[in-house]
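Structure, as structure tokens:
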2 protein chains.
Amino acid sequence: MTGSPIDFFFDPISPYGYLASTQIEALAARHGRTVDWRPLLLSVTVLQIMGMKPLPLTPLKGEYSRQDKHRLASLLGVPLVEHGLGGTVSPIKSLRLFMALKARDPALAARYAQRLCAAHWAEGQDIGDVGALVRVAESVGVAAGDVHDALHDDAVKDALRAAVDDAVALGVFGVPTFRVDGELIWGVDRLWMLEHWLDVGAWTPREGGAGT
Amino acid sequence: MTGSPIDFFFDPISPYGYLASTQIEALAARHGRTVDWRPLLLSVTVLQIMGMKPLPLTPLKGEYSRQDKHRLASLLGVPLVEHGLGGTVSPIKSLRLFMALKARDPALAARYAQRLCAAHWAEGQDIGDVGALVRVAESVGVAAGDVHDALHDDAVKDALRAAVDDAVALGVFGVPTFRVDGELIWGVDRLWMLEHWLDVGAWTPREGGAGT
């Protein structure tokens, strides 16, 4: 029961990241692992570094994901709404607050991150709005004053920038990405692969059955 | 044992398509389904329509997939080599031949397609080369003369173009894509999701367990 933590890279604007956020703590606990929640900005990796369009605006794939995320939510038994906010929501403030909370108490930051993703994808809230962030923060016991302080702290801004740089340096580009024992696993559709690693510790088929 | 066929969209230049090509026939048979092998050109969907770079040339994601495909091959227990041919291989001729064979005998075309993907990814052959195509064709009982005839037949060229247009019209963009009962499922990492649909017939969790 003492394996190294699972790094969990999330960006609240990703529906697939939200779906994974509903599963990762229980999955890790089943295997005696903890979760290190780490922020990613898809606007940096997908748009700036990879030169791609945002997923909702990508021909064919955008339409696929519009349907697909609901299938996965149904399979996982979690709520998912169409928030109708398009690609206009910025996660920057919400992730700055995450960094401030993580410096104070990583477990608190993880609870905030779970609520944050759910506020956007299960309740349809605009998490680019400071009022929404205050409500999420208050729901995990953080005072509104602390939210405002965090959002105006240059050290917090720097911490988020450094965290995203760290993720990119590890090769992380998409959300969700899981990193365990040095292995990167991208996609909520690969929870089976994360479980496989945690069970088997190698990329060999399970005894007596197929790898999948 | 009489479900509708599973459409299987492949492009031999995709390693993930190759990996799926080693699994799909047995998977379908386990569920009383047949497979309709259908061609896709990633150069049309990914490059032209979606405006993306080829996967090997995409920052971060290219490096991820270079490692990742070997993990999946290991999990599936199939060979996979680094062919070292970069993004220079054109699948056009190989897929024209596929269309010619499919018009003659779909089962023969499927056997050819399996051998074609394996020639590239398990043996490292350059499948843009007509000599390699002849060897693959001969291995499934097709004469070299038939290969040359097919590659110079304008009707075959038109048939491939129409098949790719049909795939795009269905919303297919990536390889492998499975289409069953109107559901599109993209990715070899989603074989579990295809199996789920074939077992359950809905996007609801299995009784007594999680969906994944």
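The values are calculated or read from the model by the stated rules, or taken from the named source; none is laboratory data. Just so you know, these numbers come straight off a predicted model, no measurement behind them. Positions of Cβ are backbone-derived with ideal geometry, glycine not excepted, and every protein chain shown enters the neighbour counts. Each accessible area value is taken on the protein alone, full model and side chains, heavy atoms only, with ligands, DNA and RNA left out. Shrake-Rupley method; radii C 1.70, N 1.55, O 1.52, S 1.80 Å.
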Q.
I'd like the full set of residues that are over 18 Å from B:SER43 (Cα atoms) and in a helix (DSSP H, G or I), limited to segment B:98-110.
A. B:ALA100, B:LEU101, B:LYS102, B:ALA103, B:ARG104, B:PRO106, B:ALA107, B:LEU108, B:ALA109, B:ALA110
Q. Among helices (runs of 4 or more DSSP H) lying entirely in segment B:111-212, which contain 1 or more residues that are hydrophobic (A, V, I, L, M, F, W, C) and either closer than 19 Å to B:LEU19 by Cβ or within 14 Å of chain A (Cβ to nearest Cβ) (or both)?
A. B:130-139, B:154-169, B:191-200
Q) In segment B:109-121, what count of residues is obtained for those that are in contact with a helix residue (DSSP H, G or I) (Cβ under 6 Å, 6 or more places away or on another chain) and open to solvent by 10 Å² or more (accessible area, probe 1.4 Å)? A) 3
Q: Would you point out the residue of segment B:56-77, among those that are aliphatic (A, V, I, L, M) and in contact (Cβ under 8 Å) with a residue 24 or more places away in the chain, that is farthest from the other protein chains (Cβ to nearest Cβ)?
A: B:LEU57
Q | Yes/no for B:ASP68 being of a type in the set (Asp, Glu), at pLDDT 95 or above and in contact with an Asp or Glu (Cβ under 8 Å, 6 or more places away or on another chain) | A | no
(Q) Which condition from (1) under 13 Å from A:PRO15 (Cβ atoms); (2) surrounded by fewer than 16 Cβ atoms within 10 Å (Cβ to Cβ); (3) free of Cβ contacts under 8 Å to residues at least 24 places away in the same chain; (4) out of contact with any helix residue (DSSP H, G or I) (no Cβ under 9 Å at 6 or more places or on another chain) is the one that A:GLY124 breaks? (A) (3)
Q: Please state which of the following conditions B:ILE92 fails to meet, knowing it meets all the rest: (1) without any contact (Cβ under 8 Å) to a residue 60 or more places away in the chain; (2) among the β-branched types (Val, Ile, Thr); (3) farther than 13 Å from B:PRO15 by Cβ.
A: (1)
Q.
For the condition touching a helix residue (DSSP H, G or I) at 6+ places or on another chain (Cβ under 9 Å) and within 14 Å of chain B (Cβ to nearest Cβ), what is the one hit in A:VAL46, A:VAL81, A:VAL35, A:VAL89?
A. A:VAL46
Q. In segment A:71-90, what residues are surrounded by 15 or more Cβ atoms within 10 Å (Cβ to Cβ) and closer than 24 Å to A:ALA26 by Cβ?
A. A:ARG71, A:LEU72, A:ALA73, A:SER74, A:LEU75, A:LEU76, A:VAL78, A:LEU80
Q) helices (runs of 4 or more DSSP H) wholly in segment B:1-97 with at least 2 residues that are over 15 Å from the mean Cα position of the chain (by Cα) - which ones? A) B:24-30, B:61-76
Q) What are the residue pairs meeting all of these: first residue in segment A:187-198, first residue over 12 Å from B:LEU72 (Cβ atoms), second residue buried (at least 19 other Cβ atoms within 10 Å of the Cβ) and of a type in the set (Phe, Trp, Tyr), Cβ atoms under 6 Å, and 6 or more apart or on different chains? A) A:VAL188/A:TYR16; A:LEU194/A:PHE178
Q: Can you give me the number of residues within segment B:1-49 that are among the aliphatic types (A, V, I, L, M), open to solvent by 10 Å² or more (accessible area, probe 1.4 Å) and touching a residue at least 24 places away in the same chain (Cβ under 8 Å)?
A: 8
Q.
Checking the condition modelled with pLDDT under 95 and farther than 15 Å from B:GLU25 by Cα, which residue from B:GLY208, B:GLY171 passes?
A. B:GLY208
